[in-house]
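Q: To start, I am sharing the structure in question, which I have written as C-alpha cells.
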Amino acid sequence: MIVEAKNLQKIYKNNRGIHDANFTIRKGRIVALAGGNGAGKSTLIRLLTKQEKPTNGELIWHQDDFVRYMPDDVDFPSTLTAQEVLGLLGSLKKVGKGEQDEILKKVGLFEVKKQKVSSFSKGMRQRLNLAQSLIGGDGLIIMDEPTNGLDPYWIAQLKDMMAQERNRGATVLFSTHMLAFAEQLADDVIILHEGRILAAGEVQQLLRDHHCGHLEELWLQKIDL
Ligand SMILES: Nc1ncnc2c1ncn2[C@@H]1O[C@H](COP(=O)(O)OP(=O)(O)OP(=O)(O)O)[C@@H](O)[C@H]1O
C-alpha cells in the first residue's frame, strides 16, 4: 500500500470539497479517480500532492518516494525549449541526457526539442507536461486529466505509457471524467460524486458485486440512490 485516506475532508467555505473519504492506493496499480464536473477530483489530487491540507482526517503515507505529478494545466516558460525544460528537471532529479532524450522520443518531441515552447500547439505542450511527469523515479505518478488536449493517437500512446509505468512497478493515479476510459485502463477505481466516494475498489470486482456491465451503469445506479 502506498497511501491510505482516513476520514479525509477538505471543506471549502461553500461547504463543497471532499467529505469523509476513505480509500487506499495500492502499489503497482493503475488507479482511476473518476467522476463528473465538480465531483472533487482536483481537490483530492491537491491533497495527495500536498498543495492543500485536509480540514479533517488524514492521508497516511506508507512510502517516502518522490511523487511525480502531471498537472491539468502547466505554463512552461515560453522562452525555453523542450530540451531545456527537461534539462532543468533532469538536473534537479539527477536524470541524464540519455534518459531525457528517450522520454522526448516517447512523447514525440525529440525532433522539435530545440524549438521554444511558445511555438508549441496545445497538444505538444500537453505532451511536454507528460514528459516532465515521466522523468525520474519509479514511485507514484499522479496525473490530473492527462488526456486533455491529446488526439486519439496520443491518447493510445498515453495508455501504453501508463501501462509501461505500472509494468515496471510504478503506481499510476489519474483523474478522468470519462468512465469508459477509466474502465479500459484502470485496475482500481475511486468514483467521486459531489465530494463523496460512491464506490472504490478493483474495477472488475465492483462490476461483479453490483451486477453492472460497465462503470457508467454503476455510476448511474449509485447517483439514483
Ligand atoms: N478553492 C475553492 N474554493 C471553493 N470551492 C472550491 C474550491 N476548489 C474546489 N471547490 C469546489 O469543490 C468542488 C469540487 O471541485 P473540484 O475542482 O475538485 O472538482 P473536479 O472533479 O476536479 O471537477 P472538474 O471535472 O470540473 O474539474 C466543486 O463544487 C468546486 O466548486
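Read the figures in this text as sums done on the coordinates, not as results from a lab. A quick note: this is a predicted structure, and the numbers were derived from the prediction, not measured. For neighbour counting, all protein chains shown are included, and Cβ atoms are generated from backbone atoms with ideal geometry for every residue, glycine included.
Q: Jot down the radius of gyration and Dmax of the chain, Cα atoms only, both in angstrom.
A: 17.9, 54
Q: Quick check on the exposure proxy: order Tyr69, Tyr153 from fewest to most C-beta atoms within 10 angstrom.
A: Details: Tyr69 18, Tyr153 10.
Starting with the residue having the fewest Cβ neighbours, the order is Tyr153, Tyr69.
Q: With each pseudo-label sitting 7 Å past Cα toward Cβ, what's the Glu84-Lys159 distance in nm, one decimal?
A: Computed distance between label sites Glu84 and Lys159 equals 3.7 nm.
Q: Okay, next question. Express in nm, to one decimal, how much length is gained between Asp224 and Asp75 on full extension, taking 0.36 nm for each residue of separation and deducting their alpha carbon distance.
A: Details: separation 149, 0.36 × 149 = 53.64 nm, distance 3.94 nm.
Using 0.36 nm per residue and subtracting the Cα-Cα distance, I get 49.7 nm.
Q: Over the alpha-carbon set of the range 75-138, divide Rg by the Kirkwood Rh and report the Rg/Rh ratio to two decimals. Mind dumping the intermediate values first?
A: On the way: Rg = 10.5 Å, Rh = 11.3 Å.
Rounded to two decimals, Rg/Rh equals 0.92.
Q: Of Ser42, Ser133, Ser121, Ser91, how do they rank once you tally other Cβ atoms within 10 Å and put the fewest first? Don't skip to the answer; put the middle values down first.
A: On the way: Ser42 16, Ser133 23, Ser121 9, Ser91 12.
Exposure proxy ranking, most exposed first: Ser121, Ser91, Ser42, Ser133.
Q: Using only Cα atoms, find the angle between the long axis of helix 97-106 and the longest principal axis of the chain, and express it within 0 to 90 degrees, rounded to the nearest 10.
A: On a 0 to 90 degree scale, this one is about 60.
Q: While we're here: Would you mind ranking His210, His19 so that the residue whose beta carbon has the fewest other beta carbons within 10 Å leads the list? Walk me through the numbers on the way to the answer.
A: Values: His210 13, His19 19.
The fewest-first ordering by Cβ neighbours comes to His210, His19.
Q: Further, regarding this structure: Set the Förster distance to 25 Å, then compute FRET efficiency between Thr49 and Asn7 from the Cβ-Cβ distance, nearest 0.05. Provide the component values of the computation, followed by the final result.
A: Working: r = 20 Å, r/R0 = 0.79.
Step by step, r from the Cβ atoms, then E = 0.80.
Q: Could you give the angle, 0 to 90 degrees to the nearest 10, between helix 122-134's Cα long axis and the longest principal axis of the Cα atoms of the chain?
A: Compared with the principal axis, the helix lies near 80 degrees.
Q: If you don't mind, another one. How high is the FRET efficiency between Glu102 and Asp65 when r is their beta carbon distance and R₀ equals 25 Å, given to the nearest 0.05? Mind showing how you got there, number by number?
A: Numbers: r = 21 Å, r/R0 = 0.83.
Approximately 0.75, to the nearest 0.05.
Q: May I ask what percent, to the nearest 5, of DSSP beta bridges between residues of the chain are antiparallel?
A: Numbers: 18 of 34 bridges.
Roughly 55 percent of the DSSP beta bridges within the chain come out antiparallel.
Q: Taking the Cα-to-Cβ direction at Ser91 and at Glu216 and moving 7 Å from each Cα, how far apart do the two end points lie in nm?
A: Computed distance between label sites Ser91 and Glu216 equals 4.9 nm.
Q: Quick one: if the Förster radius is 30 Å, what FRET efficiency do Met178 and Lys114 give, using the C-beta to C-beta distance and rounding to 0.05? The partial results should precede the final answer.
A: Numbers: r = 35 Å, r/R0 = 1.15.
Efficiency, rounded to the nearest 0.05: 0.30.
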